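The structure appears right after this line, and notes come after that.
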Amino acid sequence: FPSHDRFLGSKDSTWNRDLFIKGSLGTIQFNANVLIDATITCSGTITLDGQYHQLTFGPNGYLVVQPHSTLTLHNFTIADLNNYRIRCFDSTARVVFEKTTALLDDLFTCTVGQFKIQDLAEFTGTATFLYQSDIPMQINSASTLLINGIGFEVNKQGLSGAEPLNFEDKTGVLHLKNGSMKTGRYGMNFLKGTLFCENDVNFSFYSTNSIN
């Protein structure tokens, strides 16, 4: 759907058949809650606009982003997020979390591609968010990644690897609230941006220093 919007119905739905979505600057607007229980593959530049509805993953549900493609998840609450439910096919794929809250019920991992944070993205729930792609997660300008009550772990890929977390500029914020942050054996450096801690936050860092 090139540069056109699509509007879904106002009744809750279940997507239980594999689906391939190809778009060029297109938006799919959700007007009800959706349960994804199949593999939804996205190619091109696509925005899924939740309109503040809930996207829930079933046991067979996955969102997969194709090479050289960008998927933006906008205005969603994402429930039952775990494992590799949202994943990139390779290092050229991107997922943007924008004005979205993700509820983790088990370990959620990114091993390839890139996650980006636009405006505000909150990760909360009862588990750990593990980011270990060799492409840094990026917190965009004037944007905040909120880690609320869960574990956040970043793993640098080798001593000379890229820093696992990148701030586009000094206006980006990593906000840790009632949770923990851990780095892998190669540590990390905080470059640009702001680290804000609220209430009780536990840190486990290795071989690291801070640069303003």
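The values are calculated or read from the model by the stated rules, or taken from the named source; none is laboratory data. All figures in this text were calculated on a predicted structure; none of them were measured in a lab. So basically every Cβ, Gly included, is an ideal-geometry build from the backbone, and we count neighbours across all protein chains shown. Each accessible area value is taken on the protein alone, full model and side chains, heavy atoms only, with ligands, DNA and RNA left out. Shrake-Rupley method; radii C 1.70, N 1.55, O 1.52, S 1.80 Å.
Once the C-beta distance of Thr39 and Lys182 is scaled by a Förster radius of 45 Å, the resulting FRET efficiency is 0.90 to the nearest 0.05. Three principal axis extents of the stretch 57-135 based on alpha-carbon atoms, in descending order, are 31, 26, 21 Å. Proximity of backbone amide H atoms, modeled 1.01 Å from N, is registered between Thr194 and Gly172, Val173, Leu174 at under 5 Å, excluding neighbours fewer than 5 places apart on the same chain.
Probing with 1.4 Å while keeping every protein chain in the model, the per residue accessible area of the chain equals 47 Å². Could you tell me what a quarter of the Cα convex hull surface of the chain works out to, in nm² with one decimal place? Seen from a random direction, the Cα hull of the chain projects 11.1 nm² on average. Near Leu55, within a Cβ-to-Cβ distance under 12 Å, what is the net charge of the other residues, with Lys and Arg +1 and Asp and Glu -1? For residues surrounding Leu55, the net value is -3.
Looking at the stretch 1-45, the trypsin sites (Lys or Arg not before Pro) that sit in a DSSP loop and have at most 13 other Cβ atoms within 10 Å of their own Cβ are Lys11, Arg17.
Temperature 25 °C, viscosity 0.890 mPa s: under these conditions the Stokes-Einstein estimate for the stretch 1-127, based on its Kirkwood radius over C-alpha pairs, is 171 µm² per second. A straight chain from Cys197 to Arg17 at 0.36 nm per residue would run longer than the Cα-Cα distance by 60.6 nm.
Across the stretch 139-212, the mean sequence separation of Cα contacts (distance under 8 Å, 6 or more residues apart), normalised by length, yields a relative contact order of 33 percent.
Rolling a 1.4 angstrom probe over the chain with all protein chains present gives an accessible area of which 46% lies on carbon and sulfur atoms. Looking at the stretch 56-122, the chymotrypsin sites (Phe, Trp or Tyr not before Pro) that sit in a DSSP loop and have at most 16 other Cβ atoms within 10 Å of their own Cβ are Tyr84.
The convex hull defined by the C-alpha atoms of the stretch 86-212 has an orientation-averaged projected area of 7.0 nm². Size descriptor for the stretch 109-162, Kirkwood hydrodynamic radius: 11.9 Å (Cα pairs only, one decimal).
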